[in-house]
1. Can you tell me the length gained on complete extension of the stretch residue 201 to residue 150, counting 0.36 nm per residue apart and subtracting the Cα distance?
2. Given contacts defined as C-alpha pairs under 8 Å and at least six residues apart, what's the relative contact order of the chain, whole-number percent?
3. In nm, give the distance between the simple-model label positions of residue 28 and residue 75, each being 7 Å from the Cα along the Cα-to-Cβ direction.
4. FRET efficiency for residue 163 and residue 187, Cβ-Cβ distance as r, R0 = 22 Å, nearest 0.05?
5. Considering only protein heavy atoms, what per residue accessible area in square angstrom results for the range 63-113 with a 1.4 angstrom probe?
6. Provide Rg over Rh for the range 93-230; use the alpha carbon set for both Rg and the Kirkwood Rh (inverse mean inverse pair distance).
7. With a 1.4 Å probe and all protein chains kept in place, how do 198, 214 rank by accessible area, largest first?
8. Once R0 is set to 25 Å, what does the formula 1/(1 + (r/R0)^6) return for the Cβ-Cβ distance between residue 82 and residue 21, expressed as a FRET efficiency to the nearest 0.05?
Amino acid sequence: MSNIRGARARARIEVTAAIKDEARRQLAAEGAAKLSLRAVARELGMVSSALYRYFPSRDDLLTALIVDAYDTVGSAAEGALAPAPDPRDHVARWVALCEAIREWALAHPHEYALIYGSPVPGYTAPRDTVGPAARVGTALISIARDARDAGRLTPPPLADELRPEALRLTAEFAPGMPPASVVALVAAWSQLFGLISFEVFGQFHRVVEERDAFFRQSVTRLAHGVGLGH
């Protein structure tokens, strides 16, 4: 009986993977707004009722794709932290992490667009996406936290009018960190994805030619803005 259950579990995993692979193909061809369970079932030679046993709705399938994308880019970011030749070189670790995110985005533009592009009409992300979505931000915070612990983080100036918001952000996302650094981290996080989005979505076409060097210098300046390398 256990062998039968094991075979069923493996079959379910394989079918689930096939459904998501076909859905990603449709994302690339049609965009997330046109993703259709019926179309996925048709391409896989399944009846719609069979596919619904795996994903009861389009939103369930979208959520699975979104979680996978966040987890994949999160793994890329976290993996970039591990091989640092000098863990005390926090700027180098920051740049390596940012470059890993950019490399993933350029290799997976449609999945990047799904999580960092325009919202999908009619879709509201459930709380299942919150943890995976936080992985990149958590990795960035970890570099600043390591720098603080090593006495090598210099918080930037903080406007008085922003202090209440800085305290809220710190309590929610990075307890124990200097509030000024947390505000700078949030700004750097948004600017990082602005840089990547401009490249992925073609806004740098005929503007920036040496994109590797441009990106490296830009994220190095973001690191300095957070207070790393001082």
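1. Result for the pair: 14.5 nm of gain on full extension.
2. Reported as a whole number, the value is 21 percent.
3. Taking the two extended label points, one gets 1.8 nm.
4. Working from the Cβ atoms, E equals 0.90.
5. 41
6. That ratio equals 0.99.
7. Ranked list, largest accessible area first: 198, 214.
8. Plugging the Cβ-Cβ distance into 1/(1 + (r/R0)^6) gives 0.35.
The values are calculated or read from the model by the stated rules, or taken from the named source; none is laboratory data. Computed from a predicted model, the values in this text were never measured in an experiment. Ideal geometry is used to build each Cβ from the backbone, glycine not excepted, and the neighbour counts take in all protein chains shown. In case anyone asks, the SASA skips ligands and DNA or RNA and just uses the protein heavy atoms, side chains included. Shrake-Rupley method; radii C 1.70, N 1.55, O 1.52, S 1.80 Å.
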